[in-house]
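Novice: After the structure tokens below, expect a handful of questions from me.
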Amino acid sequence: MPCHRDASPGQSSAITPYCLVGGGPGTAPVAGLREIRGLVERFAATGPPVALYIETGLDARLPADVAATAHRIVLEALTNIGKHAATATAVRIGLRTVPAGLEVRIADDGGRPARLSENARGGGYGLVGMAERAAALGGSLTAGPAPEGGWLVTALLPLH
């Protein structure tokens, strides 16, 4: 099997070929909606209770890249709640289709940030990373204080 070239004929001669070599480690399936359920169970075991809504039949209709992005957004949002929402007593997560695509909403009712050591604060790329993942699919992400209190993360991911 020939190697893939990163440039077309006539482009720079600094071309880096790469090949897929057989016998290497396999890849694991990408996480999706089923794994979101597991994330919620593990989070609720040590944190506030989580109400999870996944639209009926969504598992079968969702493209793998959209499901994987939804999983990563939920994972990061739950991580942020655990780190930053010390007074949260409930979390709500919803995944449903809307005319523009998949809507992923994660909300907590926390009002006071947790006190974190410098080591526990992390690099501050969680929200940026979630927004970049959504944008990579042509979608968007907003995050901020919810009108009723707490914090709300909303992602809209196109299904095309």
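Novice: Mind checking which residues of region 46-56 are closer than 22 Å to GLY82 by Cα and either part of a loop (DSSP other than H, G, I, E, B) or at pLDDT below 95 (or both)?
Specialist: Taking region 46-56 first, the residues closer than 22 Å to GLY82 by Cα are 46-54.
Scanning region 46-56 gives THR46, GLY47, PRO48, PRO49.
Novice: Being over 10 Å from the mean Cα position of the chain (by Cα) and either over 12 Å from ARG133 (Cα atoms) or modelled with pLDDT of 95 or more (or both) is the filter here, so list the residues in region 60-77 that pass it. Reasoning before the result, please.
Specialist: The initial filter retains those residues of region 60-77 that are over 10 Å from the mean Cα position of the chain (by Cα), namely 60-65.
Once the filter is applied, which keeps residues that are over 10 Å from the mean Cα position of the chain (by Cα) and either over 12 Å from ARG133 (Cα atoms) or modelled with pLDDT of 95 or more (or both), region 60-77 yields ALA60, ARG61, LEU62, PRO63, ALA64.
Novice: Of all residues being of a type in the set (A, V, I, L, M, F, W, C) and in a loop (DSSP other than H, G, I, E, B) in region 79-112, which is farthest from LEU33 (Cα to Cα)? Just the residue, please. Break it down into steps so the answer makes sense when it comes.
Specialist: Taking region 79-112 as the starting set, the residues that turn out to be of a type in the set (A, V, I, L, M, F, W, C) are 81, 85-86, 88, 90-91, 93, 95, 98, 100, 102, 104, 106-107.
Restricting the remaining residues to those that are in a loop (DSSP other than H, G, I, E, B) gives 85-86, 88, 90, 100.
Numbers: ALA85: 24, ALA86: 27, ALA88: 24, ALA90: 21, ALA100: 19 Å.
Applying the filter and picking the extreme gives ALA86.
The values are calculated or read from the model by the stated rules, or taken from the named source; none is laboratory data. Bear in mind that the values here come from a model prediction, so they are computed numbers and not experimental data.
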